[in-house]
Each structure stands twice: as C-alpha cells, then as structure tokens.
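Asker: The structure under discussion is supplied below as structure tokens; questions concerning it will follow.
The values are calculated or read from the model by the stated rules, or taken from the named source; none is laboratory data. Bear in mind that the values here come from a model prediction, so they are computed numbers and not experimental data. Because the Cβ atoms are built from the backbone with ideal geometry, glycine has one as well, and the counts that use them run over all protein chains shown. Accessible surface is based on the protein model in full, side chains and every heavy atom, while ligands, DNA and RNA are left aside. Shrake-Rupley method; radii C 1.70, N 1.55, O 1.52, S 1.80 Å.
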Amino acid sequence: MALFEKTSVVEAPVEKLFAWHQNPYAFERLTPPWEKIEVLEKQNGIKDGSRVVLRMKQWFWHFRWVAVHSGFIEGKLFRDTQVEGPFAKWIHTHLFQPVTEKTSQLTDQVEYQVPLGAFGDIVAGGFIGAKLKRTFTFRHTRTRHDLKRLMPFKGPLKIIISGASGMIGTALTQFLTGGGHEVRPLVRRQPKGAEIFWNPDKGEIDPNSLENSDVVIHLAGENIGAGRWTAERKKRIKESRVTGTAFLSQTLASLKNPPKVLMTSSAIGFYGNRGDEILTEDSPAGKGFLAEVCQAWETATDPAKKAGIRVVHIRTGIVLSANGGALPKMVLPTLMGAGGVIGTGLQWMSWIALEDLVGIFNYAIHHPALSGPVNATAPGSATNRDFTKILGKVLKRPTVFPLPGFVVKLLFGEMGEALLLEGQRVTPDHLTREGFEFLYPDLGSALRWELGRF
C-alpha cells in the first residue's frame, strides 16, 4: 500500500485541536471548496463505529464513498477506513500530539491502494499523489487558520443567524460552530432541531426564542444577481432586506434580555458608482438603486440601535468563493479560453475572500469598537482589467475575449450595468485601524486558495 503523510504544528493546545475535529461541521470545513462533495449521512461527533457517507464527483464520474471511524482514543487519534468507494483500500489515521502547553502537532497518515494493481498505479498513481498533497495542504492550512482566529476569544456564545443556508451563512455557521458556539438558524419553513421559525412578511416569530442570545447576524435577502431587474424584482429585492431587517430590529428591541450585538449584511453598493474615488466608511452614500437599497437597509436597524444594541453594518464587496457567487461565473469562461475584460475594464472591483469575510464577522462580534458601517473588502481593490489578468494567470489561460458594455446592457439590462459595468474603489479603514489581520490581502493569493492552485 502507498503511504501519504502530512504533519503541521498548530497554535492551540492539543485538547482544543482534537475538539475542533469533533465539531459537527469539521468535515465540511476540511473539504476544499473546489471539490464536488456532498455529505449524505454523518453522525455528530466521532466514535468507534460511526460513519460518514459521501457523494463525490470527479470529472464526469459520480460515486459513493462510505467510511467508518475506528481506533478512537480521546485527544490522541482516530481512523477512517473506507468500506465503499473508489480505492481498493483506504485507511486515514488522524494523530494529535502536544508540543507545548499552547501548541500541538497534527499528523494525517493515509495508507491507500488504487484499484487495478500495477496498472492502476501507472495510470492514476501520480494524479492521486498530487491530489492528496493539494488536499491536505488545504486541510492543515484551514485548521491552523480557524484555530488561530477562534482561540483568542471566550465562548460559548448563543448566535442566531438568518440566511444561514446561503454561501456566507453556511461558511459562518460551520466556522462559529467549530469555536464551540451555539448557532441557531432563522428559517421560514418548518424548523428542525435548533432552528427558529420566522416569517418577516407576516410579522411572525416567537420572541422568547431570541431571549438571552448574545449575537444576531442578519444575512437574509433576495439575490440581486439572479435575473434582470424588472420593477417587480426591484421591489422584492428592497422589501426582502428592509422589511426583514426592520421586523427583526423591532423584535430585538422589545426583548427583556436582548443580544449585545446585531450584525447586518449590507454592501458596498451603498457608495454607488464613484469611478476612481477612494471610499471609506466615512464616505457619503451614492446614487442609484443599490445605493438606495443599502441606505434603507441600514436605516431599518434604528430600533435596535436605540435600544442600546451594538449594530454593525458589514458592507460586503465581491465575495470570492469557488462554491458560489461571482467567481465560478468568471472561472468557467476563463478555463475555456473565452475570458476577457468586461466593458472598458476600468471599473473597480472591491473583493473579499470568503475566509476573510467569515473572519470579519467573527472579529466584529468580539470587538466593541467596531460599530456602524464596516467595509468588508480586501485592502487592495483591482480594476476589472487587472482582475481578469490575474485570474487568467492563476488558471494559466489567456484572457483575450472582451465582453463589450453594450452586450452586457442588452443581455442583463440595469442589473448588468450596475453589477458588471459600474464599481467602487473601497478600502477597509475601520478594520485596518482595529488591527484585523487579512489571510488573503492580495488577489492572487485569494484566487489560488479558493481554486486550489497552490
């Protein structure tokens, strides 16, 4: 059998490192964003005999992978053994050892045998070795980063999140749960487990379910990029944000024991299309539909603010994630050799890596000095032309096929003009002043991380 091994030193006591691997979303946090893996079945916590069932995709091949946990020794090790899947044999041993009181060593050992014997080794051996190296580089980096961000802050906290099933909400739920926090999603359907039902359109929620919460994070809202902006769609976009935010703020303000913090997802569309002007949190609001929506969105939190709740408006830029949002739409044509600048290519794109956005929410929870607007963008914006060039370089593809502005307007109307042809050059002044540390401050490193090109 072949043997792969990866070892790293993590800045956390061994019991914290082991506990992080036991959290309900540890597997999801350790799954690279570029991999197509769906969890079909798993059990909370790891113990002898528990198992995980996955559906995986490699190119056009779909298959199930079933692994059973064994050899569990609290704080020291556990194993995953494949009982159904693509390998002839697969045994993955997780080892945890203390180095000092504040640091520990993480080791992953994978013993595996490809199918078809020597022929399988010749055909797929090199590919599998490279894939393991890339995957476990990601896993160890993610582990170190999560624990570094979670360790300084005390918990557990009771955190309520609306929009928890979206791209940002999912990542945030998984990350915060890894810190031992209790995360309760707000949902519009029949609730399950820790979920809380609400219907902001009808003003329905049980206020008692919000009592004694520490933090409420409000992310829910109609997707602004899902289609052309008809009059009806623009109405839904605005009402989904303003109505829900106002209802939630009023409910929180009426509680006997309200949360200490309300964090809402706003957007850099607040500033409108401002050309080359450098925009900070002190810059005034701009003009246009998105600017109007963002202003009304943020104003809707006034009841919570007047009740003494610390309100933070996270003005999010373009979120870079291989799992959704804008990036996959850029990657596909670029990989096909059809990428290029949009319009003039001079419009600014203020972006943020999903990992840093999650870190910003976590940082704002624990830093009382952060209140009001907070620009959630990386320190360095890029023009569309530079963004396109860097993406092509990361993917090793040419970017010579432009998308003219008149075509964007023809295909997407006002939505395309606002989201693709206009832009903002935003800087995260408040985060920089408060000492937030970006994991991916430059575009190249952010794209390489999300796309696994390292």
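Asker: If I ask for residues that are under 20 Å from Leu391 (Cβ atoms), open to solvent by less than 50 Å² (accessible area, probe 1.4 Å) and part of a helix (DSSP H, G or I), which ones from the stretch 426-454 would you list?
Answerer: Leu443, Gly444, Ser445, Ala446, Leu447, Trp449, Glu450, Leu451 - these are the residues of the stretch 426-454 that are under 20 Å from Leu391 (Cβ atoms), open to solvent by less than 50 Å² (accessible area, probe 1.4 Å) and part of a helix (DSSP H, G or I).
Asker: Which numbered condition in (1) out of contact with any His (no Cβ under 6 Å at 6 or more places or on another chain); (2) hydrophobic (A, V, I, L, M, F, W, C); (3) over 30 Å from Ile168 (Cα atoms) is the only one that Leu40 fails?
Answerer: The single condition Leu40 does not satisfy is (3).
Asker: How many residues are more than 21 Å from the chain's Cα centre (by Cα) and open to solvent by 60 Å² or more (accessible area, probe 1.4 Å) when one looks only at the stretch 10-39?
Answerer: 3
Asker: Restricting to the stretch 274-285, and then to whatever is in contact (Cβ under 8 Å) with a residue 60 or more places away in the chain and touching a helix residue (DSSP H, G or I) at 6+ places or on another chain (Cβ under 7 Å), can you tell me which residue is nearest to Lys238 (Cα to Cα)?
Answerer: Glu281
Asker: Oh, and also: Just for the stretch 319-343: of the residues that are open to solvent by 50 Å² or more (accessible area, probe 1.4 Å), under 24 Å from the mean Cα position of the chain (by Cα) and among the aliphatic types (A, V, I, L, M), which one is nearest to Lys256 (Cα to Cα)?
Answerer: Leu332
Asker: Same structure again: For Gly117, are the conditions met, namely being loosely packed, with under 15 Cβ neighbours inside 10 Å, of a type in the set (Gly, Ala, Ser) and at positive phi?
Answerer: So Gly117 fits the description; yes.
Asker: Of the residues Ile314, Ile360, which is more than 22 Å from Ile237 (Cα to Cα), outside any loop (DSSP other than H, G, I, E, B) and either touching a Leu at 6+ places or on another chain (Cβ under 7 Å) or open to solvent by less than 40 Å² (accessible area, probe 1.4 Å) (or both)?
Answerer: Step by step, each of Ile314, Ile360 is checked, and only Ile360 is more than 22 Å from Ile237 (Cα to Cα), outside any loop (DSSP other than H, G, I, E, B) and either touching a Leu at 6+ places or on another chain (Cβ under 7 Å) or open to solvent by less than 40 Å² (accessible area, probe 1.4 Å) (or both).
Asker: Just for strands (runs of 3 or more DSSP E) wholly inside the stretch 1-119: which have at least 3 residues that are farther than 18 Å from Phe138 by Cα?
Answerer: Of the strands (runs of 3 or more DSSP E) lying wholly inside the stretch 1-119, those with at least 3 residues that are farther than 18 Å from Phe138 by Cα span 36-41, 51-58, 61-73, 77-84, 89-98, 104-113.
Asker: From (1) part of a loop (DSSP other than H, G, I, E, B); (2) open to solvent by 20 Å² or more (accessible area, probe 1.4 Å), pick out the condition that doesn't hold for Gly423.
Answerer: Of (1) part of a loop (DSSP other than H, G, I, E, B); (2) open to solvent by 20 Å² or more (accessible area, probe 1.4 Å), only one is false for Gly423: (2).
Asker: Sort through Arg189, Arg228 and tell me the only one that's free of Cβ contacts under 8 Å to residues at least 40 places away in the same chain, assigned to a loop (DSSP other than H, G, I, E, B) and open to solvent by 70 Å² or more (accessible area, probe 1.4 Å).
Answerer: Arg189
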